[in-house]
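In what follows, a single structure is set out as structure tokens and then discussed.
Just so it is clear, none of the values below were taken in a lab; they were calculated from the coordinates. What you are looking at is a predicted structure, and each value in this text was computed from that prediction instead of being measured. FYI the Cβ positions are ideal-geometry reconstructions off the backbone, even for glycines, and counts take in every protein chain you see.
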């Protein structure tokens, strides 16, 4: 009797493996060969384009920022226009630590930035995530505006409108200087941090927690009805995302050796949103594709048409919004489906 | 009197001047196969919403095994064993059938908050979800997205999710609506295979299905309980025939 009862889940497990869908689900988190490509490309850039490493560093920072946004926007479905609040919180944290307290060791600076931004995310998320839709959108915007104004007013600590130029950071691991004159170590440092953060986000979205975030995005009503603590899940995701955005902000300050109000502005919040939508949200790699496409486009157009480049960026975005609602990766996936369907016929 | 599995006392709910539940005292015994019928707008779905905590009552209380759960959230009541299906499918439309069921099973097993292990390694979750999918004959569609399925098949996923919560109280809001009648036996078989001690309440307009399934029937009219009894009693009740069964019984 007991043996039989034990046998049942076993056979269910075997059936599950027989079911193609179950096999696919059980293997989804496995790393695919092509997932090495972004990192190979990242290292290739280091060797092939030594003159573009400063620009490359900024692209990597944007990727990390967009990746953090993807966790809340793409996976959990939290509509936010104020994600720069956390980028800025991280950026100012390392800036102020270095300026006022002589805490300029870069790695521990990242940890501090993540902690501060994560705490702000936790506190604001706890209050904000009772709401949704346009109310939530406005409140995320308000949070960012409050922080921006605080940075503006608290000039004694933040440098106010002028920010804090000329910050100094210790060499990485005590050996590799990486300020403005050392693009090479800076690029590798940011690439390594991005890689670490990416592994965290990738593990999260494939975990049951990540699945439940997707569930919340797809149908909140149902998620409540399966017994999920919806708000707690959202607040936790929001705080983790905030911490990652804080790391991106900290890297920004460390690599540019300055911080000013631009890190907290609507421009930056809207910029990262555009990057993610351009690349494709809820896809993990949309942040990579979007950041590279957007920043390369911006860079090239600004060089070619110094006065009217924004028009070109705007037109491209309109084209994407009209013809590729799910971004570049969404378009690629649709094409792949169409080709497969064609072969099937 | 022993405590019922699920019970309401003096339950009232009004939206402004509109009273949708009027002093409802309802008992669902453990092991019950109970049907809730009544004309459209009688407050049947409202009662289910009050039982699950989707709506808060204006007055009155909901008791699960004698314990007052009126102030508990939906999620907490689910943890205590109340599961439901919705009149209109509430599914994760962009996810596959298997993922839909997995999310429910993962929550029941307390895995939903786990961040460190990939969901794909939880063979207990996937195995159980796959088992439910087989019970509801959805194997063919297991890997397909909900929004690619016909409504009737989606309806069965709705049931699979509720069963994945291993409830003690199962509230089914018009489960057969939209399922082709040739497939409604899948639904009845699945309910028939449930452990005998769980209480099942079904809201249904298909009288054939109600009389095949129910051992007890409650009739609601205008937010209040109008009559209650065994199927034979309800079928013989002239007042019930007048307000509700009228056309169906005569025709």
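The table below gives the values:
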quantity: Other protein chain Cβ atoms within 10 Å, averaged over every residue that makes up B:71-77; calculated: 4
quantity: At R0 = 56 Å, FRET efficiency that the Cβ-Cβ distance of residue B:147 and residue A:182 yields, to 0.05; calculated: 0.60
quantity: 0 to 90° range, to nearest 10: angle between helix A:106-128 axis and chain A longest Cα axis; calculated: 60
quantity: Angle between chain A longest axis and helix A:286-304 axis [Cα atoms, degrees, rounded to 10]; calculated: 40
quantity: Listed residues B:21, B:236, B:227, most fluctuating in chain B (Gaussian network, C-alpha, under 10 Å); calculated: B:236
quantity: Convex hull projection area averaged over all views, segment A:52-262, Cα basis, nm²; calculated: 11.4
quantity: Peptide B:135-145, shielding by other chains (average Cβ, 10 Å cutoff); calculated: 2
quantity: Diffusion coefficient, µm² s⁻¹, Stokes-Einstein with Kirkwood Rh over alpha-carbon pairs of the protein assembly as shown at 25 °C and 0.890 mPa s; calculated: 91
quantity: Within 10 Å of each Cβ in B:160-173, the average number of Cβ atoms from other chains; calculated: 1
quantity: Alpha-carbon centroid distance for the pair segment A:274-345 / segment B:6-81, whole angstrom; calculated: 50
quantity: Mean ellipticity per residue at 222 nm, deg cm²/dmol - from DSSP H runs of n ≥ 4 across the protein assembly as shown, formula -39500 (n - 2.57); calculated: -18000 deg cm²/dmol
quantity: Separation of alpha-carbon centers, segment B:115-163 and segment A:192-242, rounded to whole Å; calculated: 20
quantity: Rounded if a/c under 1.5, otherwise prolate or oblate - segment A:148-282, Cα gyration tensor axes; calculated: prolate
quantity: Packing-based order for B:62-68, A:108-114, using average beta carbon neighbours within 10 Å, highest first; calculated: A:108-114, B:62-68
quantity: Percent of Cα pairs exceeding the 29 Å cut-off, where the set is chain B; calculated: 31
quantity: Stokes-Einstein D for segment A:256-321, Kirkwood Rh over Cα pairs, 10 °C, 1.306 mPa s (µm²/s); calculated: 124
quantity: Principal-axis tilt of helix A:133-153 within chain A, Cα atoms, nearest 10 degrees; calculated: 30
quantity: Per-residue Cβ neighbour rank within 10 angstrom, fewest leading, A:34, A:309, A:39; calculated: A:34, A:39, A:309
quantity: Normalised per residue, the volume of the convex hull around the Cα set of segment A:48-170 (Å³); calculated: 131
quantity: Relative contact order (%) - criterion: Cα under 8 Å, at least six apart; region: segment A:52-262; calculated: 45
quantity: Highest-MSF residue in chain B out of B:155, B:33, B:145 [GNM, Cα springs under 10 Å]; calculated: B:145
quantity: Percentage relative contact order, chain B, counting C-alpha pairs under 8 Å, at least six apart; calculated: 28
quantity: Antiparallel content of DSSP bridges confined to the protein assembly as shown, in %, to 5; calculated: 55
quantity: Cα centroid separation - segment A:123-187 against segment B:179-222, whole Å; calculated: 58
quantity: Protection proxy ranking of A:205-212, B:212-219, A:21-28 - average other beta-carbon atoms within 10 Å, highest first; calculated: A:205-212, B:212-219, A:21-28
quantity: Chain B: most fluctuating residue of B:58, B:114, B:181 per GNM, C-alpha cutoff 10 Å; calculated: B:114
